[in-house]
Amino acid sequence: MRDLQAAGGTPLTSGDASTPEPDSGGASRPRRAAALTLVAAGVYAIDLASKTIVVAMLENRPPVRLIGDLLQLRVIRNPGAAFSIGTGMTFVFTLIAVVVAAVIVRYAPRLRSLPWAITLGLLLGGALGNLTDRLFRAPAPFEGHVVDFIAVGSFPVFNAADSAIVCGGVLAVALAWLGYRIDGGRERTTATAAPGSGRMLPEAYGSAGRGREQGDDLSDGEGRKVTTGREETAGETAGRRER
């Protein structure tokens, strides 16, 4: 009986014997908290070391011209946010930095995406770098002025932490737009219908249509079949009509 079933192409066991598709979620992916920690620590160390050096060697001195007026090292004390924005809201920006850092640390155990680990590491390291200045530098705790020293043309003077925050923000927008999630999964594109008809666009069939062989039939939104294989030749069409 089993030989007959195998010869006839009938499954030997009841139910669906096809291999299930892998879960698109990130439950089985490794955690990335360590990568986030390494990136954040690296950004924080670079920011702290660079600020310590420029304050000791360049503060209250003429700017150091690296590339004429295009790139200079000039130390200033910034009471505002990145790139000298909101100079009268030092305490508010301090609280915002604390909240941002707390949220990133809160979600770190759920992080399974390496791109998101790098992104959040840049944001966390940059936030902690400027937060350290606000907490421990003059004129007072929570109101300390951030050390900025990189001057590029007429652009506002900034520091390494500002650069990390901007890069992390750009990466976060790009990853969200591409559908990457912090759990390591990725959002799938929903199938859409062609304007003015019930027919589904061929490129919108998603994962359900990726395993089909050329020449298979797909159903559109009105129940009609859409052939995805090659077009018939004139001889094939004539032979089909004779039959």
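The values are calculated or read from the model by the stated rules, or taken from the named source; none is laboratory data. The model shown is predicted, which means the values in this text are computed figures rather than measured ones. All Cβ positions, glycine included, derive from the backbone under ideal geometry; neighbour counts span all protein chains shown.
Below is a table of values for the structure above.
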{"quantity": "Residue satisfying condition, being in contact with a helix residue (DSSP H, G or I) (Cβ under 7 Å, 6 or more places away or on another chain), at pLDDT below 95 and not in a helix (DSSP H, G or I), within set F149, F142", "calculated": "F142"}
{"quantity": "Subset of segment 136-154 [out of contact with any Pro (no Cβ under 6 Å at 6 or more places or on another chain) and under 23 Å from A41 (Cα atoms)]", "calculated": "F136, R137, P141, F142, G144, V146, V147, D148, F149, I150"}
{"quantity": "Segment 74-100 - residue that is over 9 Å from D148 (Cα atoms), modelled with pLDDT of 80 or more and of a type in the set (A, V, I, L, M, F, W, C) and, of those, surrounded by the most Cβ atoms within 10 Å (Cβ to Cβ)", "calculated": "A97"}
{"quantity": "Condition met for A117 (closer than 20 Å to R32 by Cα, modelled with pLDDT of 95 or more, out of contact with any Gly (no Cβ under 9 Å at 6 or more places or on another chain) and surrounded by fewer than 17 Cβ atoms within 10 Å (Cβ to Cβ))", "calculated": "no"}
{"quantity": "Qualifying residue in segment 182-202 (condition: more than 22 Å from the chain's Cα centre (by Cα), buried (at least 17 other Cβ atoms within 10 Å of the Cβ), of a type in the set (A, V, I, L, M, F, W, C) and at pLDDT 85 or above)", "calculated": "no"}
